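Accompanying notes for the structure given below.
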C-alpha cells in the first residue's frame, strides 16, 4: 500500500485566497484525521471522520476552515479566506478502527503571505 | 496547564549514550499512551505503545506511572539515526471520542 497520500506537498498563497488540501487515506481504513502542526502549539487535531461522517470538529479553529469526505478514499480541508496565521504543516492520518495505529501522510506545508 | 507536557530539549548526546525523556499528562481519564518519532520535516510515526507494566523494544524502554501521570522513554546505546523529535501521546476515551493528544516533542541530537 502507498500509505496516506497528501497533496500538494507545499502550498504558498496570498492572504485572502482559498486553499484546498487533499488526502487519500490507506485503503480500507475507516477513520480519517486532519491535524495542524506549528512550533507554538505542536500537533493539534482539527477534525476526524468515521466512515466518511465527521465525528468531532471541535478542533477546527473557525468558520474559515471546512472539511469534507465525499467518499472513503478522499478528503479535503479547505481554508477560505486564508490568513498568515494559518501557515503551518497540515497532516492527514488514517486508521482501521478508532484505537488502532494512526498512519500519517507526509503533510502539506502551507505558507500564507 | 497543557494536557501533555514534555521538556522540549534539545538533548545533545554522544553516540552510545543512554538518554531518558519524560512526559506528564493532566487528564486522569487518559487510557492509552504512546511514543511517536518525528524526523525533521517528516510525518510522525509510531515508535511504541506504553503499557502499565512497562515494555521494551530493543534499545527502547517505555514506562508508565498512572498514579503520577508520568510516562518515560529510555534509549540505550544511542545511534546517530536516533536523532529526531520524540512525541509523547495520550488517548482519552469518552463520549464516543478516541482523540489522540500530542505533546510538543523532545528533540534529540546524537553526536558522533
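The values are calculated or read from the model by the stated rules, or taken from the named source; none is laboratory data. What you are looking at is a predicted structure, and each value in this text was computed from that prediction instead of being measured. Here the Cβ positions follow ideal geometry from the backbone for every residue, glycine too, while neighbour counts run over all protein chains shown.
General remarks:
- Residue match in the range A:17-25 (condition: at the interface with chain B (Cβ under 9 Å from one of its Cβ atoms) and either at pLDDT 95 or above or in a strand (DSSP E or B) (or both)): no
- Some residue of the range A:1-15 being touching a helix residue (DSSP H, G or I) at 6+ places or on another chain (Cβ under 8 Å), exposed (fewer than 15 other Cβ atoms within 10 Å of the Cβ) and away from chain B (no Cβ under 13 Å): yes
- Flag for residue A:60 being in contact with a helix residue (DSSP H, G or I) (Cβ under 7 Å, 6 or more places away or on another chain) and in a loop (DSSP other than H, G, I, E, B): no
- Figure legend. Inter-residue proximity from the range A:1-14: first residues touching a residue at least 24 places away in the same chain (Cβ under 8 Å), second residues in a loop (DSSP other than H, G, I, E, B) and loosely packed, with under 13 Cβ neighbours inside 10 Å, beta-carbon distance below 8 Å, spacing 6+ or different chains. Indicated pairs: A:1/A:27; A:12/A:113; A:13/A:113; A:14/A:113.
- Looking across the range B:38-83 at every residue that is within 14 Å of another protein chain (Cβ to nearest Cβ) and buried (at least 19 other Cβ atoms within 10 Å of the Cβ), the one that is farthest from the chain's Cα centre (by Cα) is identified as B:43.
- Selection from the range A:63-74 of residues that are farther than 14 Å from residue A:105 by Cβ and assigned to a strand (DSSP E or B): A:65, A:66, A:67, A:68, A:69, A:70, A:71
- For residue A:55, the conditions (1) within 14 Å of chain B (Cβ to nearest Cβ); (2) over 11 Å from the mean Cα position of the chain (by Cα); (3) not in a strand (DSSP E or B) are fulfilled apart from (3).
- Filtered residues of the range B:84-102 (kept if farther than 17 Å from residue B:17 by Cα and more than 12 Å from chain A (Cβ to nearest Cβ)): B:90
- At least 2 residues being free of Cβ contacts under 8 Å to residues at least 12 places away in the same chain is the threshold, and among the strands (runs of 3 or more DSSP E) wholly inside the range B:13-112 those reaching it are B:55-57.
- Here A:110, A:77, A:32, A:43 are screened, and the one residue that is more than 18 Å from residue B:99 (Cβ to Cβ) and either part of a strand (DSSP E or B) or in contact (Cβ under 8 Å) with a residue 24 or more places away in the chain (or both) is A:110.
- Out of A:42, A:97, sole residue that is within 21 Å of residue B:32 (Cα to Cα), within 8 Å of chain B (Cβ to nearest Cβ) and surrounded by fewer than 21 Cβ atoms within 10 Å (Cβ to Cβ): A:42
- Residue A:82 being under 15 Å from residue A:18 (Cα atoms) and either in contact (Cβ under 8 Å) with a residue 12 or more places away in the chain or in a loop (DSSP other than H, G, I, E, B) (or both): yes
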